[in-house]
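One structure is given below, encoded as structure tokens.
Read-outs throughout are calculated quantities, based only on the coordinates presented, and are distinct from any laboratory measurement. A quick note: this is a predicted structure, and the numbers were derived from the prediction, not measured. Methodologically, a virtual Cβ is constructed for each residue, glycine included, from the backbone with ideal geometry; neighbour enumeration extends over all protein chains shown.
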Amino acid sequence: MTSRRQFLVAGAAASLLTPAKLPAAKTTGSDFPYAEFEARIARRDFRDITKDVLPTPCMIVDLDLFEKNLKTMADQSKAAGIHVRPHVKIHKSVDVARRQIAQGAIGLTCATMAEAELMSGAGIKHVLWTKQPAGVNNISRAVALSKKDPTFMFVVDDPQVVDWVEEAAAARNARLKIAVSVFAGMTRQGIENGQPALELAQKVAASQRMEFEGFMAYSGNASHTKPWPARRARSAADLAGVRETVDMARKAGLPVNIVSGGSTGTYNIDQDNGLTELEAGSYVFMDTAYFAVGGKDDDAVYGDFKGALTVLTTVDSKRHPNQATIDYGNKALNRPTDQVKGMPWLQVASQGAEYGILKWTEAGRDLKLGERLEIYCTNLDMSTNVYDRYYVARGERIVDVWPIMGRGGAAQR
Ligand SMILES: Cc1ncc(COP(=O)(O)O)c(C=O)c1O
């Protein structure tokens, strides 16, 4: 006798294939076994699951391109003699992070305390948190994580914070690994280079509870500067003061183990600017903001890394000429600078919380009702924060699902 469970699984497998065979317009919601689909995802049974049955909007990772991007970064950094400590804010995924480590990354860079807790909690060592803790919540969490994971490191750019964390560390009998955040052209954080940075580094090194590891210097204004020669010049200018600080620290007898910074945009530049490690993040997936910055050999398109992440969307309505309504709206982080994969004639626009519009002017173009399209996002940091999972694809087949565990949510604040 067939159990209800076996029946559901068999039924689901058959139904999951249905949309590929039927014209999309004939597929109705009742054909799609959503509850069973979720159960199969939960038990990682991806048989017969193809892109065309996925609920939209959803994020798709092209595994071939993703792996290529990891390899490009690993090969280039190895050849250039610089380490990679990739930034996780782009993907917020333990699965992605593990693959970066497997490709030789020396640790991870995190933007929030919650990201650091997530990655360290998953067993990944040498996590660097690049924002200083200035409130009791973050101070106590940074100290607690340092105690639990002695490889965890965070930054300070203010002597006041050194005093606060020293006190908290003493109360918990913890030891801390600290990098001094120095100004690198962006006014959001970083102590002034030269004497102020040196004095802060000395204060850290002289403290009872802290180990001075080196400097963090993120030249964020250089990352998207174009064309490439201007980017190189910008990064060199932004990091000139940092190099002086590093020289002063070494002359003063401080060990400078790391000088951390850089980005996807400057991955083939910053080995010449005194950095020992790159905090690049976007290279794993890429977005349209980065496509536009141009590369060393191509001013128009930054092709060193490939677009490995798209949002899959469905054409839901088509009642007006030269436009179609899709389910990729404001809540899915629709942006006018997004691009439709393989269809440069389409312009993306928003039509509301759950609606987007695709428009075109070229004669002879059209979209079909039910058609599936893939969209490159404009800014990954923002977009990946509103999706729950990556569907990982080899061609049309879904071969894995990676939860976006570090995205917004109570546990992640
Ligand atoms: C501190 C820090 N380091 C590095 C990066 C570089 O990331 P990406 O390679 O995505 O430009 C960022 C991006 O915002 C950042 O905030």
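For the structure I just gave you, tell me whether Gly370 is within 16 Å of the ligand (Cβ to nearest atom), in a loop (DSSP other than H, G, I, E, B) and touching a helix residue (DSSP H, G or I) at 6+ places or on another chain (Cβ under 7 Å). No.
Of all residues in segment 73-95, those being within 13 Å of the ligand (Cβ to nearest atom) and on the phi < 0 side of the Ramachandran plot number 10.
Does Gln132 satisfy the condition of being within 13 Å of the ligand (Cβ to nearest atom) and not hydrophobic (A, V, I, L, M, F, W, C)? So Gln132 fits the description; yes. When segment 217-229 is filtered for residues that are assigned to a helix (DSSP H, G or I) and either closer than 19 Å to Ser146 by Cα or away from the ligand (no atom under 16 Å from the Cβ) (or both), only Pro229 remains. For segment 200-216, does any single residue satisfy the condition of being under 20 Å from Pro86 (Cα atoms), touching a residue at least 24 places away in the same chain (Cβ under 8 Å), of a type outside the set (Gly, Ala, Ser) and assigned to a loop (DSSP other than H, G, I, E, B)? For segment 200-216, residues under 20 Å from Pro86 (Cα atoms), touching a residue at least 24 places away in the same chain (Cβ under 8 Å), of a type outside the set (Gly, Ala, Ser) and assigned to a loop (DSSP other than H, G, I, E, B): absent.
Given the criteria in contact with a strand residue (DSSP E or B) (Cβ under 6 Å, 6 or more places away or on another chain), within 16 Å of the ligand (Cβ to nearest atom), closer than 25 Å to Phe215 by Cβ and of a type in the set (A, V, I, L, M, F, W, C), does Ile106 qualify? In short, yes. The condition of being closer than 29 Å to Ala80 by Cβ, among the hydroxyl-bearing types (Ser, Thr, Tyr), crowded, with 21+ Cβ neighbours inside 10 Å and more than 13 Å from the ligand (Cβ to nearest atom) holds for only one of Ser120, Ser146, Ser181, that being Ser120. Could you please let me know if Asp163 is part of a helix (DSSP H, G or I), surrounded by fewer than 18 Cβ atoms within 10 Å (Cβ to Cβ) and not basic (Lys, Arg)? So Asp163 fits the description; yes.
If you check Arg234, Arg243 for being more than 22 Å from the chain's Cα centre (by Cα), among the basic types (Lys, Arg) and within 16 Å of the ligand (Cβ to nearest atom), only one passes: Arg234. Note on segment 169-178: among residues that are touching a strand residue (DSSP E or B) at 6+ places or on another chain (Cβ under 9 Å) and surrounded by 15 or more Cβ atoms within 10 Å (Cβ to Cβ), the one that is farthest from Gly123 (Cα to Cα) is Ala169. In segment 249-283, the residue that is surrounded by the most Cβ atoms within 10 Å (Cβ to Cβ) out of those that are among the charged types (D, E, K, R), more than 11 Å from the ligand (Cβ to nearest atom) and within 24 Å of Leu200 (Cα to Cα) is Arg250. Taking the criterion of being without any contact (Cβ under 8 Å) to a residue 60 or more places away in the chain and in contact with a helix residue (DSSP H, G or I) (Cβ under 8 Å, 6 or more places away or on another chain), the residues of segment 238-261 that qualify are Asp238, Leu239, Met248, Ala249, Ala252, Leu254, Val256, Val259. In this structure, Ile139 does satisfy being farther than 30 Å from Met59 by Cβ and either part of a loop (DSSP other than H, G, I, E, B) or among the aliphatic types (A, V, I, L, M) (or both). Looking only at residues in segment 284-294 that are within 14 Å of the ligand (Cβ to nearest atom) and in a loop (DSSP other than H, G, I, E, B), the one that is surrounded by the most Cβ atoms within 10 Å (Cβ to Cβ) is Phe285.
The single condition from (1) buried (at least 23 other Cβ atoms within 10 Å of the Cβ); (2) over 29 Å from Asn273 (Cα atoms); (3) over 14 Å from the mean Cα position of the chain (by Cα); (4) not hydroxyl-bearing (Ser, Thr, Tyr) that Asp62 fails is (1).
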